[in-house]
Amino acid sequence: MMNIKMNHSHGFLILLLASMLLKGCATTQYGNFIQNPSLQASQSMAMDAAAQIDRLYPAATTQFSIAHAVNDAFGQTLVEKLRVSGFAVQEIPESSIEQFLFVAPQLDAEHKAGLRLSYIVDQSDDLYHANLMIGDTRLSRAFVARADSIHPAGLWVKKEE
């Protein structure tokens, strides 16, 4: 009888570990995933993204809370342009970054004051993708790299959940 209980305990433990591992795999990672992005391309996409946010949200009354590290040119330019336009932007403290490595970001009460803003920037050949997540709204735009510049490859797409 004790042998059967041990087997059930081991099975439960294995199931628990497997579910934890799968949750870690399903967690969305945020930030800039372009290998060696050019400063000009990152800044150009970020300025375009900030201009789109400025069209959709009232600057003086909107606060954004960024729940991931802003350590790339795209993120830094986006935050700077939003602040210059009159938005309040709160970044997560560097000391809290480690806790978000394998877990989806959970904002504390202080960070819940504004709309949650996250971004993913990635690349497929010479096509770049900027994806912004603002609360339940998703904004996406493709950009194409030509010679020394980057240009929009279409309009901004807005999806509300």
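Each value in this text was obtained by applying a stated rule to the coordinates, not by laboratory testing. Small disclaimer: the values here were computed from a predicted structure and weren't measured. All Cβ positions, glycine included, derive from the backbone under ideal geometry; neighbour counts span all protein chains shown.
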Using the count of nearby Cβ atoms within 10 Å as a rough guide to exposure, how do 61, 137 rank from fewest to most?
61, 137
Arrange the following residues from fewest to most other Cβ atoms within 10 Å of their Cβ: 161, 91.
161, 91
Residue 113 paired with residue 83, simple spin-label distance in nm, labels 7 Å along Cα-to-beta-carbon:
1.5 nm
Fewest Cβ neighbours within 10 Å first, please rank 57, 128 accordingly.
57, 128
³J(HN,Hα), Karplus 6.51/-1.76/1.60, whole Hz, each residue of the stretch 66-71, x for Gly, Pro:
8, 9, 9, 5, 10, 10
